[in-house]
1. I need the full set of residues from the stretch 375-405 which are within 15 Å of the chain's Cα centre (by Cα) and within 18 Å of A50 (Cα to Cα), in order please.
2. If only one of R177, R183, R73, R123 is of a type in the set (K, R) and touching a Phe, Trp or Tyr at 6+ places or on another chain (Cβ under 8 Å), which one is it?
3. On the basis of being part of a helix (DSSP H, G or I), of a type in the set (A, V, I, L, M), surrounded by fewer than 19 Cβ atoms within 10 Å (Cβ to Cβ) and at pLDDT below 95, does A296 make the cut?
4. Return yes when A67 is out of contact with any Cys (no Cβ under 8 Å at 6 or more places or on another chain) and either open to solvent by less than 30 Å² (accessible area, probe 1.4 Å) or over 13 Å from A227 (Cβ atoms) (or both) and no when it is not.
5. Given (1) at pLDDT 95 or above; (2) within 15 Å of S2 (Cα to Cα), where does Q64 come up short, assuming only one miss?
6. Just to check your reading of the model, which residue among A74, A63 is closer than 21 Å to Q162 by Cα and free of Cβ contacts under 8 Å to residues at least 60 places away in the same chain?
7. If I filter the stretch 38-58 for residues that are closer than 18 Å to D10 by Cβ, open to solvent by 30 Å² or more (accessible area, probe 1.4 Å), of a type in the set (S, T, N, Q) and at pLDDT 95 or above, do I get at least one hit?
8. Hey, does the stretch 261-268 have a residue that's in a helix (DSSP H, G or I) and open to solvent by 40 Å² or more (accessible area, probe 1.4 Å)?
Amino acid sequence: MSIKLGCIADDFTGATDLANNLVRAGMRTVQTIGIPGEPLRDDADAVVVALKTRTLPADEAVAQSLAALQWLRAQGAEQIYFKYCSTFDSTPQGNIGPVADALMSSLGTDFTIATPAFPDNKRTVFKGYLFAGDVLLNESGMQHHPLTPMTDPNLVRVLAAQTSRRVGLIDYGVVARGSDAIRARIQELKAQGIEIAIVDAVSNEDLLALGPALRGMPLVTAGSGVAIGLPGNWGLSSASAASTARAQGLQAVVAGSCSTATNGQVAAFIESGRPALALDPMKLAAGEDVVGQALAWAGPRMQDGPVLIYSTAQPDTVRQTQGALGADRAGAMIEAAIARISVGLVERGVRQLIVAGGETSGAVVQALGLEQIAIGEQIDPGVPWCSGYAPVARGDISIALKSGNFGTRDFFTKAFL
């Protein structure tokens, strides 16, 4: 079996976001959790390999990404797509630049594009600057991200700091003229020795124009938005969202993201009068059985509807916690606790679970033993319900892996309707 598009995603929510866009654009898509140990069993047009590499040391992120590439090429992937977040967040050392470099070298290609644009979620790029909604990225709350703060919205500068390759720009004046103009600009940049080009896009029409210009390009690097323009290169057309049925059972939300959007979603859930429990990282560090306490609290309450267990906090509180415990220790400790809580919730009958936060989602999915998930109905742009076999449930569960910055304020309540 040969697949058309082989995708490598640097976190689990991003992988689901990409798979969702591919399904909606007409591609039969399978998402794997990590690199499979065997060939793909089911027919698919696209495979998204979900890694957890966004905040790993660069050499580890590169090694895992190259291993995913090797597996995808063994499945006959015609084109490779490296997917990162629509906020392009990373550390100054990577991992977007180092992984893109390694993939380019392995594929033997001297040019690729880079754009996190996803207009449906209000991520747009203009003159190389990334906007989140109506403000520049560094004014959106991302400047306070506890692991990958983004203080520079200029993507050419950000990427150039992470790679030895020359970085250029395909600006909006070119994109607005369509696919032929984009192809011509690519040739100009290659003649100038540019190897990676940031691409402007402020609407879905821009991404649809970009798609045909990427036909035959060995490697595409982007957020999930570019995916809407690629299926047409194989003669595939838009299809309705997948109709995977949701599992029946209890409902819960666990949230580890501290993004502005997730803070608002937590507040909205609490304002709705539904039960919510905040996790105290200092009690975790002191050795208290926070996991057991959370499960005991949730047990009787979730019989009456969804419950929320969260470590989401405002930037000042996050800084205080990191100051007391260290950023890495605090993050790892909270992720591990939420993963254990998620397993306990599923053991107690939860079959519809929302997980907020990329790193948190990775920890939860791995703890639940999910290896492959099918993409179902979209809740909000970039966030679908998914289903997969969870050994702890001895059956399928439905799970929504929400990037911290995605979703409307009422996401945690409307998702269960």
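1. Residues satisfying the conditions are I375, G382, V383, P384, W385, C386, I399, A400, L401, K402, S403, G404.
2. Step by step, each of R177, R183, R73, R123 is checked, and only R123 is of a type in the set (K, R) and touching a Phe, Trp or Tyr at 6+ places or on another chain (Cβ under 8 Å).
3. Taking the combined requirement at face value, the residue does not satisfy it.
4. In short, yes.
5. The number of the failed condition is (2).
6. Of the residues listed, the single one that is closer than 21 Å to Q162 by Cα and free of Cβ contacts under 8 Å to residues at least 60 places away in the same chain is A63.
7. No, the stretch 38-58 contains no residue that is closer than 18 Å to D10 by Cβ, open to solvent by 30 Å² or more (accessible area, probe 1.4 Å), of a type in the set (S, T, N, Q) and at pLDDT 95 or above.
8. So far as the stretch 261-268 goes, no, none of its residues is in a helix (DSSP H, G or I) and open to solvent by 40 Å² or more (accessible area, probe 1.4 Å).
The values are calculated or read from the model by the stated rules, or taken from the named source; none is laboratory data. Bear in mind that the values here come from a model prediction, so they are computed numbers and not experimental data. A quick note on method: Cβ atoms are made from the backbone with ideal geometry, for glycine too, and the neighbour counts reach across all protein chains shown. Note: accessible area is taken over every heavy atom of the protein model, side chains too, but ligands, DNA and RNA are not part of it. Shrake-Rupley method; radii C 1.70, N 1.55, O 1.52, S 1.80 Å.
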